[in-house]
1. Of these, Ala126, Ala146, Ala130, Ala159, which one is in contact with a Lys or Arg (Cβ under 6 Å, 6 or more places away or on another chain), small (Gly, Ala, Ser) and modelled with pLDDT of 90 or more?
2. Looking for something within 27 Å of Leu346 (Cα to Cα) and without any contact (Cβ under 8 Å) to a residue 12 or more places away in the chain - is there at least one such residue anywhere in region 141-164?
3. Report whether or not Ser281 is open to solvent by 10 Å² or more (accessible area, probe 1.4 Å), assigned by the TED database to the domain that holds Val397 and in a helix (DSSP H, G or I).
4. Could you tell me whether any residue of region 78-90 is under 16 Å from Lys16 (Cα atoms) and out of contact with any helix residue (DSSP H, G or I) (no Cβ under 9 Å at 6 or more places or on another chain)?
5. So which strands (runs of 3 or more DSSP E) are wholly in region 312-419 and hold at least 3 residues that are touching a residue at least 12 places away in the same chain (Cβ under 8 Å) and open to solvent by less than 40 Å² (accessible area, probe 1.4 Å)?
6. (1) in a loop (DSSP other than H, G, I, E, B); (2) open to solvent by less than 50 Å² (accessible area, probe 1.4 Å): which one isn't true of Gly139, the others all being true?
7. What do you reckon, is Asn198 in contact with an Asp or Glu (Cβ under 7 Å, 6 or more places away or on another chain), open to solvent by 30 Å² or more (accessible area, probe 1.4 Å) and not small (Gly, Ala, Ser)?
8. Quick one: in region 5-55, which of the residues that are basic (Lys, Arg) and within 28 Å of the chain's Cα centre (by Cα) is nearest to Ala159 (Cα to Cα)?
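The values are calculated or read from the model by the stated rules, or taken from the named source; none is laboratory data. Quick caveat: nothing in here was measured; it's all calculated off a predicted structure. When we count neighbours, we look across all protein chains shown, and the Cβ atoms used for this are built from the backbone with ideal geometry, even at glycine. All accessible areas refer to the heavy atoms of the entire protein, side chains included, with ligands and DNA or RNA removed. Shrake-Rupley method; radii C 1.70, N 1.55, O 1.52, S 1.80 Å.
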Amino acid sequence: MALILHAIKRNKNVFKALIAAEYSGVQLEFAPDFEFSVSNTTPEFLKMNPLGKFPVLETPDGPVFESNAIARYVARLNGDNALYLSTPIDNARIDQWIDFSTLEIDSNILKLYLPRFGYAPYLPPAEEAANSALKRALGALNTHLASNTYLVGHSVTLADIITTCNLYLGFTEILVKSFTSEFPHVERYFWTLVNQPNFRKILGQVKQTDAVPPVQSAKKPAQPKESKPKPKDEPKKVAKPEPEKPKEEAEEEAPKPKPKNPLDLLPPSKMILDEWKRLYSNTKTNFREVAIKGFWDMYDPEGYSLWFCDYKYNDENTVSFVTLNKVGGFLQRMDLARKYAFGKMLVIGSQAPFKVKGLWLFRGQEIPQFVIDECYDMELYEWTKVDISDETQKERVNQMIEDYEPFEGEPLLDAKCFK
C-alpha cells in the first residue's frame, strides 16, 4: 500500500513531510480531490483523525496525524536515517529544536497571522505579547546560529526541515525585512535552507513579504441560500413586453456622472505631481543636488501646501513591529489621496518608545477634507503647516525627503514613502 497524504498541497505543515520524503527517498502520494472543509469532515476522514484536521498520513499500519509526527515517521522509514544522527544526545537535540520551533516560533507566528487574515479576533495587546515572545524566540535561535550552520551537527536534520517550514509562514506572509533584519543569523539560515535543492523542489521560489498585511474583519461562514419550493403545476408566467419609454424619460434615467473631487476644480498648478514622484524614484545618487533641488524648482506654493505631522501617542510605541505596522496601515488607508499627495513617514529611535513623524505634500492650501473624513488616522497626528519662508523648517523638509540620518539627533528605525 502506498503512503497517502490527506491534505491540500500548499501548506507549511504538509511541506514538512514532503521535504523529509525527498531527503529519505520515500514516495508519498496525495489523496485525490482533497477539498478543505469537505474531505476532512467525512466519516472516513474522522476515523483517521477525530478532530478533522489535516495533514493525515495513511500507512499500511494505520493512519498518523499531527504534522511533526508524520515528518518523523517519514524520516525514519529508511534504515539509514539520513535526517537523524547516530547518538542519543544528538537525536534528543533534534527533538529539542523541533519542539522549540513549534512551541516558541510557530505558535507565535500564528498568533500574529490568524487575526490579521480574519481567522481570529484582532486584539492589539495580544499581538504585542505574541510579537515580544517571537522576538525572544528568534533571539535565542539567532544566538545558536551565530556559531552553527545547522541546528544539530553539520548537515540537514529533521529539526532544520521543521524549523524552516515554521519560519516559512512568517517570512512569506507577515515578517517584513525590517523585522527579520534584527536576526541576521536566522535570515542567513532560512535563505540557505530554502535554497537547498530538496527544499526548493517542494517550496519553489520563496519571496519575503514586502508589507505587514492590514487587519481584516473576521471571516464568517457563508450562509446557504434558502430555496423556495415551487408549487406543483404552477402555470408559467409570460413576461409582457414593456412599452418603449419616451426619449426624454430614458435620458432622465441615465446614470449621473460622478461629482468631481473639489481638488480637481482648483486653478491649474505649475507643479506636476507625477513628475516630482518620478524624479524622487529615479534619483539614486547626489540626492540633495538633484532631487531636493528639483523639488523646490517644481514646488508651487499657490497650488500645493506642505505639512508636518507628529504622532500624538509616541509613548505607546514600545514595540518596533507594532509601530511599523501602524505607519504601514496609515499609508495603506491614504491610498484614496494618491492622486493629490506625496508623503514621507519616519520611525525614529534605536530603542522604545519610538517616535513617528511625517511630511506631506497636499494639493491645495489645506489638508483635503475627504482625507480627514475617510482616513481615521489623521486625528492621531498633530498637523502643522510648513512655513517655507522659515529656513529652519525648509531644511527640515529637505531632511525628511532624503531620509537624513541622524534626524534631529536620533537614528532612523525606518522611513516609508507614499507616492
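1. On the way: Ala126 fails: in contact with a Lys or Arg (Cβ under 6 Å, 6 or more places away or on another chain); Ala146 fails: in contact with a Lys or Arg (Cβ under 6 Å, 6 or more places away or on another chain); Ala159 fails: in contact with a Lys or Arg (Cβ under 6 Å, 6 or more places away or on another chain).
The match here is Ala130.
2. Initial filter on region 141-164 (within 27 Å of Leu346 (Cα to Cα)): none.
No.
3. Values: open to solvent by 10 Å² or more (accessible area, probe 1.4 Å): yes; assigned by the TED database to the domain that holds Val397: yes; in a helix (DSSP H, G or I): yes.
The answer is yes for Ser281.
4. no
5. Working: elements: 341-348, 355-363, 381-385, 412-418.
Once the strands (runs of 3 or more DSSP E) in region 312-419 are filtered for at least 3 residues that are touching a residue at least 12 places away in the same chain (Cβ under 8 Å) and open to solvent by less than 40 Å² (accessible area, probe 1.4 Å), what remains is 341-348, 355-363, 412-418.
6. (1)
7. Working: in contact with an Asp or Glu (Cβ under 7 Å, 6 or more places away or on another chain): yes; open to solvent by 30 Å² or more (accessible area, probe 1.4 Å): yes; not small (Gly, Ala, Ser): yes.
Yes: the conditions hold for Asn198.
8. Quick first cut of region 5-55, residues basic (Lys, Arg) only: 9-10, 12, 16, 47, 53.
Checking which are within 28 Å of the chain's Cα centre (by Cα) leaves us with 9-10, 12, 16, 53.
Numbers: Lys9: 21, Arg10: 20, Lys12: 14, Lys16: 10, Lys53: 23 Å.
Per the stated criteria, the residue is Lys16.
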